[in-house]
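For reference, the structure is listed below as C-alpha cells.
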C-alpha cells in the first residue's frame, strides 16, 4: 500500500469494533485512534474499504505514521513517549492521556509539529 503518511509501513491490521469514531478525529484516513485498548491508525476511514461495514474501520496496529503531534512545553527527542488524548489527538503530555508510541525523530514545541511516531501495542507499555 503506497501511502505518504507512512514512514515505515504497517504489518498488522484488523477490523475495528463498532466503537470507532464515525466523524471527526479518528474517523478519517490516516487518523490515529484507540479502539478496544489498541493503538491504531484508521487506514481508509470509518465505513470505507471493501468488506468494511458501516461504523467499522480497518486499523493498522504497528509501523511509523507521520502525523501532527501537539508538543507542549518541552521539545521531543527521538524515542520520547507520545500519548493519545481521549479526542484522538497526539501529544507529548502524559497527564490524563494514554501511551500511543514513541517519537521516531526530534520535534520542536508547537501545536502541530509533524513527526514520525512508532505505534506501540506492547504489553505493559
- State all residues of the stretch 88-111 that are exposed (fewer than 12 other Cβ atoms within 10 Å of the Cβ) and under 21 Å from residue 21 (Cα atoms); if no residue qualifies, say none. 96
- Message: So residue 64 ticks every box in (1) within 18 Å of residue 86 (Cβ to Cβ); (2) at pLDDT 95 or above but one. Which box is left unticked?
- Response: (1)
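Quick one: how many residues across the stretch 35-44 are assigned to a loop (DSSP other than H, G, I, E, B) and under 17 Å from residue 94 (Cα atoms)?
Just the residues of the stretch 35-44 that are assigned to a loop (DSSP other than H, G, I, E, B), to begin with: 36-37, 43-44.
With under 17 Å from residue 94 (Cα atoms) added as a condition, the list becomes 37.
Total satisfying the criteria: 1.
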- Note on the structure: residue 39 vs (1) surrounded by fewer than 16 Cβ atoms within 10 Å (Cβ to Cβ); (2) closer than 18 Å to residue 115 by Cα: all pass except (1)
- Query: Could you list, in sequence order, the residues of the stretch 80-97 that are assigned to a strand (DSSP E or B) and either in contact (Cβ under 8 Å) with a residue 24 or more places away in the chain or more than 17 Å from residue 120 (Cα to Cα) (or both)?
  - Reply: 82, 84, 90
- Message: Filter the stretch 45-79 down to the residues that are surrounded by 17 or more Cβ atoms within 10 Å (Cβ to Cβ) and in a loop (DSSP other than H, G, I, E, B) and list them by number.
- Response: 45, 46, 52, 56, 57, 61, 62, 63
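The values are calculated or read from the model by the stated rules, or taken from the named source; none is laboratory data. Quantities reported herein were computed from a predicted structural model and do not represent experimental measurements. In this analysis, Cβ positions are derived from the backbone assuming ideal geometry, glycine residues included, and neighbour counts consider all displayed protein chains.
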